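Enquirer: Before I ask anything, let me first share the structure, which is written out below as structure tokens.
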Amino acid sequence: MTAQPKPSMTEEMYLEQERHSTTKHEYYAGAVYAMAGASEQHNLIALNIAATLHAQLRGRAFRAYPSDMRVKVMQTGLHTYPDFTIVCGQSQFTNPVERDTIINPTVIIEILSPSTERYDRGMKFQHYRTMPSLQAYLLVAQDNYHIECFIRHEHKQWLFSEAIGPEAIMAMPSIQGSLALQDVYEQVFVTPESLPGITRDVPQDEDDS
């Protein structure tokens, strides 16, 4: 959520307005929040991720969606637009006619920015991990070779791993796939301090933010 909310409205009012809006908004607890536009870095990374995962998922039992697909967290009521959403099997929607709000994501990917990083790491992830279908949450840096991944584990834990550096590869066991950072950051300017390719795994409790 990146701006002050507009006056309170019902979910039905929000959806009606959103389906005719030229800009995207989040909705939570009666408040509507305008979403900031994306930078060049963000757009290049999003396109590279889409191209990489489309090639890996093509012909398999997955559906992948870019940032125009809305997701509703049924357990909390948050409506938002992840940068990338993957569903294993058939997508489920709040409205089977409109088919514009998914409720069963398997993987969610967010590309971090200065205005959204704290939210993506904290409150937004708290919403996301209440979704029983979600198996993996990825955070992708904009200015250096760095991807963080949280994978749902047993006993209400999320297993944390990270891939750092142009030679690193982020495994995505939830879809039997991976993201090579060299591909993700193709044509993207990154800081020269990026570390050599490494991957680390650390278990994290679900209650941590």
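Bear in mind these aren't lab numbers, they're just calculated from the coordinates by the rules spelled out. Computed from a predicted structure; not experimentally measured. We place every Cβ from the backbone using ideal geometry, glycine too, and count neighbours over all the protein chains shown.
Enquirer: Which one, VAL32, ALA50, VAL87, projects farthest toward the positive side of the charge dipole computed for the chain from Cβ point charges (K/R +1, D/E -1)?
Expert: Ranked along the dipole, the leading option is VAL87.
Enquirer: Another question, if that's okay. With Kirkwood's inverse mean 1/r over C-alpha pairs for Rh, give me the Rg to Rh ratio of region 95-152, two decimals please.
Expert: Using Cα coordinates only, the ratio equals 1.03.
Enquirer: Using a Gaussian network model of the chain with C-alpha springs under 10 Å, which one of ASN144, ASN48, ASN95 is most mobile by mean-square fluctuation?
Expert: Result for the chain, Cα springs under 10 Å: ASN95 fluctuates most.
Enquirer: Further question on the same structure: Write out the trypsin sites (Lys or Arg not before Pro) in region 22-90 meeting two conditions: DSSP loop, and at most 10 other Cβ atoms within 10 Å of their Cβ.
Expert: Those that pass, being in a loop and sparsely packed, are ARG58.
Enquirer: Of THR101, THR80, THR191, how do they rank once you tally other Cβ atoms within 10 Å and put the fewest first?
Expert: Ascending Cβ contact count within 10 Å gives the list THR191, THR101, THR80.
Enquirer: Compute, for the chain, the length of the dipole vector about the Cα centre, with Cβ point charges of +1 (Lys, Arg) and -1 (Asp, Glu) only. Units Debye, rounded to 20.
Expert: 560
Enquirer: Longest exposed-loop-site-free stretch of the chain, with GluC sites (Glu not before Pro), DSSP loop and at most 12 other Cβ within 10 Å?
Expert: 1-97
Enquirer: Over the chain, with a Gaussian network built from C-alpha contacts below 10 Å, which listed residue (GLY122, GLY77, GLY59) shows the highest mean-square fluctuation?
Expert: Ranking GLY122, GLY77, GLY59 by mean-square fluctuation puts GLY59 first.
Enquirer: Still on this structure: Given the options MET172, MET35, MET123, state which has the largest fluctuation in a GNM of the chain using a 10 Å cut-off (strictly under) for Cα springs.
Expert: Judging by the Gaussian network model, the answer is MET123.
Enquirer: Please report how far the C-alpha centroid of region 82-102 lies from that of region 111-182, rounded to the nearest whole angstrom.
Expert: For region 82-102 versus region 111-182, the Cα centre distance is 20 Å.
Enquirer: Which whole-number percentage describes the relative contact order of the chain, with Cα contacts under 8 Å and a sequence gap of 6 or more?
Expert: 16
Enquirer: Sticking with this one: Could you work out how far helix 40-57 tilts from the main Cα principal axis of the chain, as a 0 to 90 degree angle to the nearest 10?
Expert: It is inclined by approximately 80 degrees.
Enquirer: Further, regarding this structure: From the phi angles alone, apply the Karplus equation (6.51, -1.76, 1.60; θ = phi - 60°) to region 119-136 and give each ³J(HN,Hα) in whole Hz, x where the residue is Gly or Pro.
Expert: For region 119-136, the Karplus curve yields 5, 4, 6, x, 4, 5, 5, 4, 5, 4, 6, 7, 7, x, 6, 6, 10, 8 Hz.
Enquirer: Multiply the residue gap between GLN182 and GLU16 by 0.36 nm, knock off their C-alpha separation, and tell me the result in nm, one decimal place.
Expert: 55.7 nm is the gain from fully extending GLN182 to GLU16.
Enquirer: Hey, another quick one. Place a label point 7 angstrom from the Cα of ASN43 along the Cα-to-Cβ direction, then list the residues of region 98-114 whose backbone nitrogen is under 18 Å away.
Expert: 111-114
Enquirer: Over the chain, what is the percentage of antiparallel beta bridges among all DSSP beta bridges, to the nearest 5?
Expert: 85
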